[in-house]
Amino acid sequence: MNFPRTAEQPMQIVTVIQGDFVVSADPHVILSTVLGSCVAVCLFDPFARVGGMNHFLLASSTGSQSNDLRYGVNAMELLINRVLHAGGDRASLQAKVFGGARMTAHAAAIGRNNADFALDFLHREGIACVSQSLGGDQARRVQFTPTTGAARQLQILGSEPVIETVQPPVPATSDITLF
């Protein structure tokens, strides 16, 4: 997929949103996403110079998955097939995996399950995972150049909670005394 750009903007940053994927063979495209417990798999063929990124929310569904890209199995199948369709060779595919953080205590297993799923899927498909940054408790911004496989991440620090001290109201003094 090629994206329009102007002479003033030689690099085009394309945002990959939750439940989506993008594939490109354009050397001027950078794919970008922000992850918490979600996982992004950055898949590329370094020889064909084509690649893509997905962003899935959950490893699997409890019901019918249909073609819902929020679920890992669908997101992975579509990403792989689209990279191959764009000229990638299955034997040359490499992956970099990001995300899977523990963002809240009540959803502790979601990030870990997503990360485990992605790594297991790649292993079963015979696709080398050459780099990974998984887990932790911070969100990440990931940028990926699909034609070279170059990736970088920025961990997003949570803001410190604002603690306000509320003083009880001081009763007004009066020169009238009530009995």
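Within segment 74-92, none of the residues are part of a strand (DSSP E or B) and at pLDDT below 95. Just to verify a result, which residue in segment 18-34, among those that are at pLDDT 95 or above and within 9 Å of the chain's Cα centre (by Cα), is farthest from Asn81 (Cα to Cα)? Here the answer is Val34.
The residues of segment 38-62 that are part of a strand (DSSP E or B), hydrophobic (A, V, I, L, M, F, W, C) and under 11 Å from the mean Cα position of the chain (by Cα), listed by number, are Val39, Ala40, Val41, Cys42, Met53, Phe56.
Restricting segment 127-160 to residues that are under 16 Å from Met11 (Cβ atoms) and of a type in the set (S, T, N, Q) leaves a set whose member that is nearest to the chain's Cα centre (by Cα) is Gln143.
Number of residues in segment 21-37 that are closer than 12 Å to Val142 by Cα and either in a loop (DSSP other than H, G, I, E, B) or without any contact (Cβ under 8 Å) to a residue 24 or more places away in the chain (or both): the value is 1.
State which residue is nearest to Leu58 (Cα to Cα) when the search covers only segment 102-153 and only residues that are part of a helix (DSSP H, G or I) and among the acidic types (Asp, Glu).
Keep residues of segment 102-153 that are part of a helix (DSSP H, G or I), which gives 105-125.
With among the acidic types (Asp, Glu) added as a condition, the list becomes 116, 120, 125.
Numbers: Asp116: 11, Asp120: 14, Glu125: 19 Å.
Within segment 102-153, the match that is nearest to Leu58 (Cα to Cα) is Asp116.
Name the residues in segment 89-110 that are surrounded by 20 or more Cβ atoms within 10 Å (Cβ to Cβ) and farther than 29 Å from Thr147 by Cβ, would you?
We begin by selecting, within segment 89-110, every residue surrounded by 20 or more Cβ atoms within 10 Å (Cβ to Cβ); these are 93, 95-101, 110.
Ile110, the sole residue that qualifies.
The values are calculated or read from the model by the stated rules, or taken from the named source; none is laboratory data. Note that the structure is predicted; figures quoted are calculated from it, not measured. Note that we place each Cβ from the backbone using ideal geometry, even for glycine, and neighbour counts take in every protein chain shown.
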